[in-house]
Amino acid sequence: EMNVDCFIGSAHLMLPGLTMGCCGCIDGPPSFAPEFWLAIWDAYQAGDLRRAEEAQRRASEVYAALSGFSYQGAIKFAIGVRVGMDMGGPKQPHEALTEDDKVELHARVEAMGLQPVDLSDEDHPPNR
């Protein structure tokens with residue numbers, strides 16, 4: 001045995017990864033909407049595969065909302081929408097979002113029902 005933990009690197013495949021022995025997921029979408037992937041994790045850990053499948057379906061909708069945009073730019077922008085600050089654009093060679101892209105993606109994030117994250121909450125201080 002190698003005693004190695006393996007993460008799935010594709011957020012829309014977290015549940016299949018867990019069922020094959022992965023220990024979690026590392027990808028961009030969970031960084032701005034972690035509650036969707038935590039729902040997958042919690043349901044899978046509880047042995048409720050039906051609930052985990054439904055959570056994966058909802059998480060995959062979040063993942064799909066980023067389609068059509070520069071991936072890195074979309075992730076940074078979506079994080080900014082959640083925390084209420086400009087996160088800047090992606091590093092080159094990745095493309096920045098256009099102003100039209102930002103308007104469209106902002107509407108998609110709002111349509112997901114994601115609430116802004118209050119970084120001033122003393123129960124959840126930001127890492128510094």
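Each Lys and Arg Cβ is given +1 and each Asp and Glu Cβ -1; about its Cα centre, the chain then shows a dipole of about 220 debye. Computing the accessible area with a 1.4 Å probe over protein heavy atoms, can you report the carbon and sulfur percentage for segment 8-128? After summing per-atom areas, the C and S share lands at 54 percent. Remark: relative contact order (segment 9-48) = 42 percent; criterion is Cα-Cα distance under 8 angstrom and separation of 6 or more residues. Note on the chain: with a GNM built from Cα contacts shorter than 10 Å, the maximum mean-square fluctuation among Pro29, Pro93, Pro16 falls on Pro93. Taking Cα atoms only, the orientation of helix 49-65 departs from the longest principal axis of the chain by about 20 degrees. Take the Kirkwood radius over Cα pairs of segment 29-128, plug it into Stokes-Einstein at 25 °C and 0.890 mPa s, and you get 168 µm²/s for translational diffusion. For segment 1-105, the set of trypsin sites (Lys or Arg not before Pro) satisfying both a DSSP loop assignment and a count of at most 16 other C-beta atoms within 10 Å is given as Lys91.
Take the Cβ atoms of Met2 and Ile26, set R0 to 30 Å, and the FRET efficiency comes out at 0.95. Comparing Val109, Val117, Val62 in a Gaussian network model of the chain (Cα springs below 10 Å), the most mobile by mean-square fluctuation is Val117. Summing -39500 (n - 2.57) over the DSSP H runs of n ≥ 4 in the chain and dividing by its residue number, what mean residue ellipticity at 222 nm do you reach, to the nearest 500 deg cm²/dmol? Calculated from helices alone, the mean residue ellipticity at 222 nm is -15500 deg cm²/dmol.
The values are calculated or read from the model by the stated rules, or taken from the named source; none is laboratory data. Just so it is clear, the model here is predicted, and its values are computed rather than measured. Cβ coordinates were reconstructed from backbone atoms using ideal geometry, including for glycine residues, and neighbour counts include every protein chain displayed. The area values use the complete protein model at the heavy-atom level, side chains included, leaving out ligands, DNA and RNA. Shrake-Rupley method; radii C 1.70, N 1.55, O 1.52, S 1.80 Å.
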